[in-house]
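K.L.:
My questions will all concern the structure given below.
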Amino acid sequence: MTSLIEKQGTVPGRPGSSFGDRFTMRTRRLAWVWSFLAVPLLFYGIIRFYPTFQAFWLSFTNWDLLRPAKFIGLANYTKLFSDPQFWKVFRNTFTYLIVGTPISLIVAFVVAYFLDRVRFMHNFIRALYFLPFLTTAAAMAWVWRWFYQPPPIGIINDVLGMIGIPQQPFIRSTDQALFSVMITAIWAGLGFQIIIFMAGLRSIPNTFYEAARIDGLGEWAILRKITLPLLKPTTVFLVVFSSIGFLRIFDQVYNMTTNDPGGPLGSTKPLVLMIYQTAFNSYAMGYAAAQTVVLFTILLVISLLQLWILREKK
């Protein structure tokens, strides 16, 4: 019997055995796993990482799509950081971030906190809040642009006139345009934040609340000592998610200020819109790549900050 098996070449490590028999079961499983993962990893590397590295390279070149890219070192970054328009756009972008993020999170938490206690038509009300998040950004921006128009077209100015308040310029004003766009962006993302906050509230065990009420704690004390601390992971996620959203704001600004993209005197222009205009209006691809690298660095810092906060919690 042994001589027959050896002749058929089925004994591992013996002459005539197959190639697969030379590896352990664990090694063969790993080979199969990496075989299945190779295609998506290769696809993701080509789609994600190659353009990222290419953008870094282009940021050191002068390229207008017509001629080959010419290496110019740090000239694009020197030009960028000495450009007053960039610092104005930078200030606009961080205004969206610093003002929009806390307002949106506070409003979303308040709505989620009270909506979680509503039992009558709960699912219907929750769907109404989530509906703006599903709406196409361009369509939503054009509707809000219509709201902001002067009377008799603009609904908001019509309402203000009914209560005796003078009409407001909104997106036609250098002072009000940015905050008018910000309100639209906050409204658009409110539904998603409410749903996430409600999921976080539902994940807190009721035993904590029951024990707190037995100890005589009021609603405000329960909110401050139990609900908010246990919602920290949810809050951290939404802070980072919303911050990235405001740093990358584009659709609302571009569609609400189509006649003058970026608003009056660039008062609403964010960094993403500046990148778009530099690349596809001026065809300065190298300069646009440098701006993209700056935006990428900002987003990376915020993401690393999220990881640091989560690690501190542990």
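The values are calculated or read from the model by the stated rules, or taken from the named source; none is laboratory data. What you see is a predicted model; the values in this text were computed from it and never measured. Neighbour counts are summed over all protein chains in view; Cβ atoms, including those assigned to glycine, are modelled from backbone coordinates with ideal geometry. Ligands, DNA and RNA are stripped out before the accessible areas are found, and what is left, the full protein with its side chains, is counted by its heavy atoms. Shrake-Rupley method; radii C 1.70, N 1.55, O 1.52, S 1.80 Å.
K.L.:
So in region 111-139, with the set limited to residues that are exposed (fewer than 12 other Cβ atoms within 10 Å of the Cβ), in a helix (DSSP H, G or I) and aromatic (F, W, Y), which one is modelled with the highest pLDDT?
P.N.:
Only one residue tops the list, namely F114.
K.L.:
Name the one entry in G245, G286 that is touching a residue at least 12 places away in the same chain (Cβ under 8 Å), among the small types (G, A, S) and open to solvent by less than 40 Å² (accessible area, probe 1.4 Å). Reasoning before the result, please.
P.N.:
Working: G245 fails: open to solvent by less than 40 Å² (accessible area, probe 1.4 Å).
Just one listed residue meets the conditions, G286.
K.L.:
Could you say which residue among F90, F43 is in a helix (DSSP H, G or I) and out of contact with any helix residue (DSSP H, G or I) (no Cβ under 8 Å at 6 or more places or on another chain)? First the steps, then the outcome.
P.N.:
Working: F90 fails: out of contact with any helix residue (DSSP H, G or I) (no Cβ under 8 Å at 6 or more places or on another chain).
Step by step, each of F90, F43 is checked, and only F43 is in a helix (DSSP H, G or I) and out of contact with any helix residue (DSSP H, G or I) (no Cβ under 8 Å at 6 or more places or on another chain).
K.L.:
Can you tell me which residue among A108, A55 is in contact (Cβ under 8 Å) with a residue 24 or more places away in the chain, crowded, with 16+ Cβ neighbours inside 10 Å, of a type outside the set (D, E, K, R) and within 21 Å of S282 (Cα to Cα)? Show your work before the answer.
P.N.:
Values: A108 fails: within 21 Å of S282 (Cα to Cα).
Criteria check complete, one pass: A55.
K.L.:
A further question follows. With (1) of a type in the set (V, I, T); (2) under 20 Å from F53 (Cβ atoms); (3) in contact (Cβ under 8 Å) with a residue 24 or more places away in the chain as the list, and T297 as the residue in question, which single condition is left unmet?
P.N.:
With respect to (1) of a type in the set (V, I, T); (2) under 20 Å from F53 (Cβ atoms); (3) in contact (Cβ under 8 Å) with a residue 24 or more places away in the chain, T297 is out only on (3).
K.L.:
Restricting attention to helices (runs of 4 or more DSSP H) lying wholly within region 227-314, give those where 2 or more residues are β-branched (V, I, T) and at pLDDT below 95.
P.N.:
Details: elements: 232-247, 251-256, 271-280, 285-313.
Where helices (runs of 4 or more DSSP H) fall fully within region 227-314 and carry at least 2 residues being β-branched (V, I, T) and at pLDDT below 95, they are 232-247, 285-313.
K.L.:
Identify all residues within region 170-192 that are assigned to a loop (DSSP other than H, G, I, E, B) and open to solvent by 40 Å² or more (accessible area, probe 1.4 Å); write none if there are none.
P.N.:
Filtering region 170-192 for residues assigned to a loop (DSSP other than H, G, I, E, B) gives 173-176.
Matches in region 170-192: T174, D175, Q176.
K.L.:
While we're here: Looking at the structure I just gave you, is L97 touching a residue at least 40 places away in the same chain (Cβ under 8 Å) and surrounded by 15 or more Cβ atoms within 10 Å (Cβ to Cβ)?
P.N.:
Values: touching a residue at least 40 places away in the same chain (Cβ under 8 Å): yes; surrounded by 15 or more Cβ atoms within 10 Å (Cβ to Cβ): yes.
Criteria met by L97.
K.L.:
Restricting attention to region 193-222, report how many residues are more than 30 Å from L273 (Cβ to Cβ), open to solvent by 20 Å² or more (accessible area, probe 1.4 Å) and touching a residue at least 60 places away in the same chain (Cβ under 8 Å).
P.N.:
Adding up the residues that qualify gives 1.
K.L.:
Which numbered condition trips up F19, out of (1) open to solvent by 100 Å² or more (accessible area, probe 1.4 Å); (2) of a type in the set (F, W, Y); (3) at pLDDT 80 or above?
P.N.:
The one condition F19 does not meet is (3).
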